[in-house]
Amino acid sequence: MLEIKDLHVSYGQARALKGISLSVGSGEIVTLIGNNGAGKTTLLNTVSGLIRPASGEIEFEEGKITRASSESIVRLGIVHVPEGRHIFPDLTVRENLRLGAFIRKGDVAADYDRAYSLFPILKERANQPGGTLSGGEQQMLALARALMAHPKLLLLDEPSLGLAPVIVERIYQTILEIHQQGTPVLLVEQNAYVALTAANRAYVIEAGRIVLSGSASELLENHEVQKAYLGG
Ligand code: ATP
């Protein structure tokens, strides 16, 4: 459903992506793992229309979106949860969720129910300002808000960043649940172990290039990956 072909992105003279090709199928969780500065965030920002590539193509459901605006990309159903969450701290949890549904018409009552059933803590905190939530709860809110838009493809940038292991586990359980309910996911992570454990397929990015790809279980077993990304 998402097909990226030979994508090049530069910031001025600095080349951040040097010919990336990757795909996400309709039933998949695909992860892109790599160290700080490898180009992961740049890739997601380019898919969601925040950055214009120098060359290459991005197709979504067979249509080209390479130079589409970020608003039209959201309307096509690609919803991006950026690194660092970016919830609205002064709005309540419920108001934050409502904003996630801004592109949709009609009744959102069932969507609140779905969000609250995935993350019961958000129901308890529904009338509290988003800024009073813990880091893990804010990540839950960011994910729940993305679902309010009924995404066809979810882009997740480092959902585990800065969170305690038990919270990471909770977040990932929900990512798997969201996937089982029918939403494909492109997941970017420095935390290679959790990402490879959750994903179907994976790509390794180093300095703007894909250096390895395969099924997530293959990469978990791969010695180079273990040495470079799994502390083994
Ligand atoms: P992190 O996990 O730290 O976010 P990343 O893999 O997501 O890393 P990117 O943020 O995509 O990496 O950065 C890729 C390269 O592009 C890095 O060398 C980075 O310094 C550079 N870069 C990123 N954003 C900009 C920018 N706005 N201006 C100039 N260079 C940038």
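Which of (1) part of a helix (DSSP H, G or I); (2) more than 16 Å from the ligand (Cβ to nearest atom); (3) in contact (Cβ under 8 Å) with a residue 24 or more places away in the chain is the odd one out, the single condition GLU71 does not satisfy?
Status for GLU71: all satisfied but (3).
With the requirement that a residue be part of a loop (DSSP other than H, G, I, E, B), open to solvent by 10 Å² or more (accessible area, probe 1.4 Å) and at pLDDT below 95, what does the stretch 96-126 give you?
PHE102, ILE103, ARG104, LYS105, GLY106, ASP107, VAL108
Taking the stretch 80-94 only, how many residues are open to solvent by 20 Å² or more (accessible area, probe 1.4 Å) and touching a strand residue (DSSP E or B) at 6+ places or on another chain (Cβ under 9 Å)?
Number of matching residues: 9.
If you check HIS80, HIS8, HIS86, which single one turns out to be in a strand (DSSP E or B), within 16 Å of the ligand (Cβ to nearest atom) and either under 17 Å from the mean Cα position of the chain (by Cα) or within 29 Å of GLN180 (Cα to Cα) (or both)?
Values: HIS8 fails: either under 17 Å from the mean Cα position of the chain (by Cα) or within 29 Å of GLN180 (Cα to Cα) (or both); HIS86 fails: in a strand (DSSP E or B).
None of the other options fit; the residue is HIS80.
If I filter the stretch 19-65 down to residues being β-branched (Val, Ile, Thr), outside any loop (DSSP other than H, G, I, E, B) and over 14 Å from the mean Cα position of the chain (by Cα), which single residue comes out as farthest from the ligand (Cβ to nearest atom)?
Per the stated criteria, the residue is ILE58.
For the stretch 127-232, list the strands (runs of 3 or more DSSP E) that sit wholly inside it and hold at least 3 residues that are modelled with pLDDT of 95 or more and closer than 21 Å to HIS86 by Cα; which are they?
By residue number, 153-157, 185-189.
Determine whether the stretch 28-44 contains at least one residue that is open to solvent by 30 Å² or more (accessible area, probe 1.4 Å) and either in contact with a Leu (Cβ under 7 Å, 6 or more places away or on another chain) or more than 28 Å from SER217 (Cβ to Cβ) (or both). Spell out the reasoning first.
At the first step, the residues of the stretch 28-44 found to be open to solvent by 30 Å² or more (accessible area, probe 1.4 Å) are 28, 35-37, 41.
Then drop every residue that is not either in contact with a Leu (Cβ under 7 Å, 6 or more places away or on another chain) or more than 28 Å from SER217 (Cβ to Cβ) (or both), which leaves none.
No: the stretch 28-44 contains no residue that is open to solvent by 30 Å² or more (accessible area, probe 1.4 Å) and either in contact with a Leu (Cβ under 7 Å, 6 or more places away or on another chain) or more than 28 Å from SER217 (Cβ to Cβ) (or both).
Consider SER69 carefully, then state whether it is surrounded by fewer than 18 Cβ atoms within 10 Å (Cβ to Cβ) and over 19 Å from LEU143 (Cβ atoms).
yes
The values are calculated or read from the model by the stated rules, or taken from the named source; none is laboratory data. Remember, it's a predicted structure, so these values are computed and weren't measured experimentally. Methodologically, a virtual Cβ is constructed for each residue, glycine included, from the backbone with ideal geometry; neighbour enumeration extends over all protein chains shown. The accessibility values were calculated without ligands, DNA or RNA, using every heavy atom of the protein model including side chains. Shrake-Rupley method; radii C 1.70, N 1.55, O 1.52, S 1.80 Å.
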